[in-house]
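Visitor: Sending over a structure as structure tokens; questions will come in a sec.
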Amino acid sequence: MGEPIIELNEITKKYDNQFAVDHLSLTIQKGEIFGLLGPNGAGKSTTILMMLGLSEPTSGGVKVCGMNSTRYPLEVKGRVGYLPDDLGFYEQMTGFENLVYTAYLNGLNKQVAEKRAMDLLYRVGLLDAANKKAGKYSRGMKQRLGLADVLMKDPEVIILDEPTLGIDPEGVRELLKLIKELNEQENITVLLSSHQLHQVQQICDRVGIFVKGKLLAEGNIESLAKQLFFEDTLVINVTAEPVSQALIEKINQINGVNRFENLGDSIEIYCDFDVTPTIANTIIQEGAKLYHITKKDYGLDEIYHRYFEGSEAT
Amino acid sequence: MPNIKQLFRNFTMKSEDHFIRPNRSSVFRAIVRKEFTDYLTSWRIIILLLIICLTCIGSLYTAMESIKNAVNQSEEAKQIAKDSFLFLKLFTISDGTLPPFTTFVSFLGPLLGIALGFDAINSERNKGTLSRLMAQPIPRDYVLNAKFIAALLVNIVLFISLGLLITALGILIIGIPPTYEEFARMMYFLLLCICYIAFWLNLGILFSVRFKQAATSALSGIAIWIFFSVFYSMIVQMLSKVLMNPETITSTAQALGRQELVLNLMRLSPNYLFSELTNTLLSPSVRSLGPLTMEQRVGQIAGPLPLNQSLLLIWPQLTGLVAATLICFAISYVLFMRQEIRSN
């Protein structure tokens, strides 16, 4: 940790006077899994293409592995694996042949290429399908073959654009596990973009929320919640009987509690920090029966949703 | 399977020592090899190659039969045949049942060129392989260049083998070996065929870069092919009827000038250029490609031109054809280099 491997400095991409990416700055450290989250059309893919030097930023600088991607795209592409969202293979060739071809393009010789292709097919669980035509692969198999393809060049960084798109839940779970393994065992930095929050949440060390070409917030899930909702960070849901006026008064006086909402069968208490034990204590001291008390954590869904609520209001 | 476990372990040790810095030319060769294999294994190309081979061999066979009959009549005929470039007649004459070889090439060649090129880039884009290809450490133009080279190789292999096959068959059936000059002319002719098809190939590639749909680019290519092989000459003939109307022409110089104009209009068509080129190369008695006045012909001794003179005569046409090819390639190159890689 601590060594930046992808540095975006105020990059901008304009298409017909419209910003696809708007002064984006982002640093990704070596060895982390970073999730780029955003709705469709937010500029995620454009940003990724600029990292690979496949698209030229209108202004700003991109550095990957310490090299300027716009000026030295070949060097960068030699070290970075990229899994595009509209992934496709040569259908008349087998999965194995597709991988070997990629290896040739990376300058590996036949022996090394074939050996590594077999290793990787084994690793992604496609050894049985190695000699099947890639046209006959299912979507999930293609995605796993895609991951193997990305790894053929022995990359330092892999960039996955919507890797979980269109695969079934079991497939997603396996793919994410594989990505996590790669990150842990081989110290490969992973950047993945997605609009599916649960999945990103499972494996990412940090996420960045990306909307309309701008990075709204970045950090781990907890700090994101703090960044986006600097007040009412924590919500405590309580079901108690009876909820008397005196009890409400008491709870409101607890240090850190901001707001209070009665939902009918339960109450929600918004507070700055975790005061769950104090609340529980108060309720019991007041003689009420406590049935249920939970701390509500913000998942990415919540963050996402609340952000969009906010953006529509403004 | 203990072997795989061993392999797996080898892989997990970062294999720095196996990693060779990409050797550019070997990478380029890898792409060419793959594209070449793709062409040779695609049904579309196999069928076209078969059609071309069959029609060409058919037309050559009829030509051979009629030549053989003429030659076998007497010993004298054999001697005359040797002096009059009989071997080259294989490509240009027919007994009326099938058109000669050159006509077939000028008609089917473009179809082959377009078929080789029309989906070079857009099919990769639609299948999603282009973005994967572009993510590899290869310069962007390698893809385009390699596709062109591979298609050209298919062409070269086809025509050189057809040419040599014909020579062999010709010797066997007619019984007269080609002279050195005949052989040289034949080789130049084959080279011309390759150039001519390369033009159509590049037109196909240009459309494949420009149009996102393979069907659009195929149809545009075929439209141009039909336009030049059928309609263009009709249009020019109509124009020439108006231009060459005897009532409006007052002097010989004017008549000559207009004749030249019509000819130059015709030469805008690659098909016409090709036919001029092949006529000059394969019929050494052709002395000029423009109109000649009676004064110019006075005192002229009918006889074949030597090879270098024939080549000199077709030089402008050849340059024109190659230039058209290069222009198509240059446009597609520039378009491709500036295009966005993403598919949507």
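Visitor: In chain A, which longest range has no chymotrypsin sites (Phe, Trp or Tyr not before Pro) that are both DSSP loop (not H, G, I, E or B) and surrounded by at most 11 other Cβ atoms within 10 Å?
Guide: With chymotrypsin sites (Phe, Trp or Tyr not before Pro) excluded where exposed in loops, chain A gives A:1-229 as its longest stretch.
Visitor: Just the number, please: Stokes-Einstein D of the protein assembly as shown in µm²/s, Kirkwood Rh from C-alpha pairs, 10 °C, 1.306 mPa s.
Guide: Values: Rh = 30.4 Å.
So the translational diffusion coefficient is about 52 µm²/s.
Visitor: What are the residues whose amide H is under 5 Å from the amide H of A:Phe210, where those residues sit 5 or more places off or on another chain and H is modelled from the backbone?
Guide: HN-HN under 5 Å from A:Phe210: A:Leu37, A:Gly38, A:Leu216.
Visitor: Suppose the chain between B:Gln309 and B:Tyr61 were pulled fully straight at 0.36 nm per residue; how much longer would it get relative to their current alpha carbon spacing? Show your work: numbers first, answer last.
Guide: Working: separation 248, 0.36 × 248 = 89.28 nm, distance 3.01 nm.
Result for the pair: 86.3 nm of gain on full extension.
Visitor: So for B:Trp225, B:Trp200, B:Trp43, B:Trp315, what's the accessible-area order with a 1.4 Å probe, most first?
Guide: B:Trp43, B:Trp315, B:Trp225, B:Trp200
Visitor: Report, for segment A:4-226, the % of DSSP beta bridges that are antiparallel, rounded to 5.
Guide: Of the beta bridges lying entirely in segment A:4-226, close to 55 percent run antiparallel.
Visitor: Across peptide A:76-87, how many C-beta atoms of other chains are within 10 Å of each residue C-beta, on average?
Guide: Counting other chains' Cβ atoms within 10 Å and averaging over A:76-87 gives 5.
Visitor: Return the distance in nm (one decimal) between the two label points of a simple spin-label model at A:Gln202 and B:Met234, each offset 7 Å from Cα along Cα→Cβ.
Guide: 6.5 nm
Visitor: Here is a follow-up. Could you please state how large a percent of the accessible area of segment A:230-297 is carbon and sulfur, counting protein chains only and using a 1.4 Å probe? Spell out each step's value before the answer.
Guide: Numbers: 1930 of 4020 Å².
On segment A:230-297, the fraction of accessible area on carbon and sulfur atoms equals 48 percent.
Visitor: Pairs A:Lys142/B:Lys147; B:Lys34/B:Lys147; A:Lys44/A:Lys177; A:Lys110/A:Lys136; A:Lys63/A:Lys214: which are spaced more than 21 Å apart, C-alpha to C-alpha? All intermediate terms of the calculation are to be shown ahead of the outcome.
Guide: Working: A:Lys142/B:Lys147 25 Å; B:Lys34/B:Lys147 9 Å; A:Lys44/A:Lys177 23 Å; A:Lys110/A:Lys136 25 Å; A:Lys63/A:Lys214 19 Å.
Those over the limit are A:Lys142/B:Lys147; A:Lys44/A:Lys177; A:Lys110/A:Lys136.
Visitor: Give the lysines reachable from B:Lys68 as a straight Cα distance under 29 Å; neighbours fewer than 8 places away on the same chain don't count.
Guide: Cross-link targets: B:Lys78, B:Lys82, B:Lys89.
Visitor: Per the Kirkwood formula on distinct C-alpha pairs, the Rh of segment A:4-226 is how many angstrom?
Guide: Across segment A:4-226, the inverse of the average 1/r is 17.8 Å.
Visitor: Further, regarding this structure: Determine the order of A:Glu174, A:Glu162 by accessible area, beginning with the largest, at a probe radius of 1.4 Å.
Guide: A:Glu174, A:Glu162
Visitor: Something else about it: Using θ = phi - 60° and the Karplus form 6.51 cos²θ - 1.76 cosθ + 1.60, what ³J(HN,Hα) does each residue of segment A:20-32 get, whole Hz, x for Gly and Pro?
Guide: Karplus values, whole Hz, x for Gly and Pro: 7, 10, 10, 6, 8, 10, 7, 10, 10, 7, 5, x, 9.
Visitor: What are the DSSP H helices in chain B that stretch 27 Å or more along their long axis, judged by alpha-carbon atoms, and whose average Kyte-Doolittle hydropathy comes to at least -0.5?
Guide: Long hydrophobic helices here: B:43-71, B:140-174, B:180-210, B:307-338.
Visitor: Then there's this: Under a crude label model (7 Å from the Cα following the beta-carbon direction), how far is A:Asn40 from A:Asn281 in nanometres?
Guide: Label at A:Asn40, label at A:Asn281, 5.2 nm between them.
Visitor: OK, next. For segment A:4-226, what is the charge dipole size about the Cα centre, in debye to the nearest 20, if Lys and Arg each add +1 at the Cβ and Asp and Glu each add -1 at the Cβ?
Guide: Dipole size: approximately 200 debye.
Visitor: Sticking with this structure for a sec: Using DSSP loop states and a limit of at most 14 other Cβ atoms within 10 Å to flag trypsin sites (Lys or Arg not before Pro), what is the longest stretch of chain A containing no flagged site? Mind dumping the intermediate values first?
Guide: Numbers: sites that count: A:Arg71, A:Lys132.
That gives A:133-314 as the longest site-free run.
Visitor: Test of the criteria: in segment B:258-344, which GluC sites (Glu not before Pro) are in a DSSP loop and have at most 16 other Cβ atoms within 10 angstrom of their Cβ?
Guide: Within segment B:258-344, the qualifying GluC sites (Glu not before Pro) (loop, at most 16 other Cβ atoms within 10 Å) are B:Glu340.
Visitor: What value, in deg cm²/dmol to 500, does the helix sum -39500 (n - 2.57) over DSSP H runs of n ≥ 4 give at 222 nm once divided by the residues of chain A?
Guide: Value at 222 nm, helices only, nearest 500: -11500 deg cm²/dmol.
Visitor: Treating only the Cβ atoms of Lys and Arg (+1) and Asp and Glu (-1) as charged, compute the dipole magnitude of the protein assembly as shown about its Cα centre; round to the nearest 20 debye.
Guide: 2200 debye
Visitor: Please identify every one of the GluC sites (Glu not before Pro) in segment A:253-298 that sits in a loop by DSSP and has no more than 15 other beta carbons within 10 Å of its own beta carbon.
Guide: Values: sites: A:Glu261, A:Glu268, A:Glu286; in loops: A:Glu286.
For GluC sites (Glu not before Pro) across segment A:253-298 that sit outside H, G, I, E and B with at most 15 neighbouring Cβ atoms in 10 Å, the list is empty.
Visitor: Amide H to amide H under 5 Å from B:Ser285: which residues, 5+ apart in sequence or cross-chain, H placed 1.01 Å off N in plane?
Guide: Those qualifying (amide H under 5 Å, at least 5 residues apart or on another chain) are B:Leu305.
Visitor: For a protection proxy built on the mean count of beta-carbon atoms within 10 angstrom, sort B:202-215, B:45-58, B:105-118, B:87-100 highest first, please.
Guide: Ranking, from highest mean packing down: B:105-118, B:202-215, B:87-100, B:45-58.
Visitor: Given contacts defined as C-alpha pairs under 8 Å and at least six residues apart, what's the relative contact order of segment A:230-297, whole-number percent?
Guide: 49 percent
Visitor: How well do other chains shield peptide B:118-128, expressed as the mean number of their Cβ atoms within 10 Å of each residue Cβ?
Guide: Numbers: counts 0, 0, 0, 0, 0, 0, 2, 2, 2, 7, 8.
Neighbouring Cβ atoms belonging to other protein chains average 2 per residue here.
Visitor: Using 1/(1 + (r/R0)^6) with R0 = 41 angstrom and r between the beta carbons of A:Lys289 and A:Lys180, what's the FRET efficiency to the nearest 0.05? Could you put the intermediate results ahead of the total?
Guide: Working: r = 44 Å, r/R0 = 1.06.
Computed FRET efficiency for A:Lys289 and A:Lys180 comes out at 0.40.
Visitor: Can you list residues from other chains, or at least 5 along the same chain, whose modelled amide H is less than 5 Å from the amide H of A:Asn258?
Guide: Amide H neighbours of A:Asn258, under 5 Å, 5+ apart: A:Tyr270, A:Cys271, A:Asp272.
Visitor: What accessible area per residue, rounded to a whole number of Å², is obtained for the protein assembly as shown using a probe radius of 1.4 Å?
Guide: About 47 Å² of surface per residue is accessible.
Visitor: Same structure, new question: Label points 7 Å out from Cα along the Cβ direction at B:Leu289 and B:Leu326: separation in nm?
Guide: Reported label-point gap for B:Leu289 and B:Leu326 is 1.7 nm.
Visitor: While we're looking at this one, here's another question. Could you grab the relative contact order for segment B:215-331? Cα pairs under 8 Å, six or more apart, rounded to a whole percent. Don't skip to the end; give the middle numbers.
Guide: Values: 62 pairs, mean separation 26.6, N = 117.
Value for segment B:215-331: 23 percent.
Visitor: Grab the alpha carbons of segment A:230-297, take their convex hull, and tell me the volume per residue in Å³. Could the numbers behind the result be given before it?
Guide: On the way: hull volume 5.1 nm³, N = 68.
Each residue corresponds to 75 Å³ of Cα convex hull volume.
Visitor: Which residue, A:Leu37, A:Leu99, A:Leu126, has the most motion in a Gaussian network model of chain A that connects Cα atoms within less than 10 Å?
Guide: Judging by the Gaussian network model, the answer is A:Leu126.
Visitor: Let me have the relative contact order for segment A:4-226, percent, based on Cα pairs under 8 Å that are six or more residues apart.
Guide: 28 percent
Visitor: Averaged over A:141-152, how many beta carbons belonging to a partner chain fall within 10 Å of each residue's beta carbon?
Guide: Mean number of neighbouring Cβ atoms from other chains: 1.
The values are calculated or read from the model by the stated rules, or taken from the named source; none is laboratory data. Given the structure is predicted, the values throughout are model-derived calculations rather than measurements. Don't worry about glycine lacking a Cβ; one is built from the backbone with ideal geometry, like all the others, and counts go over all protein chains shown. Just the protein is used for accessible areas: all its heavy atoms, side chains included, with ligands, DNA and RNA removed. Shrake-Rupley method; radii C 1.70, N 1.55, O 1.52, S 1.80 Å.
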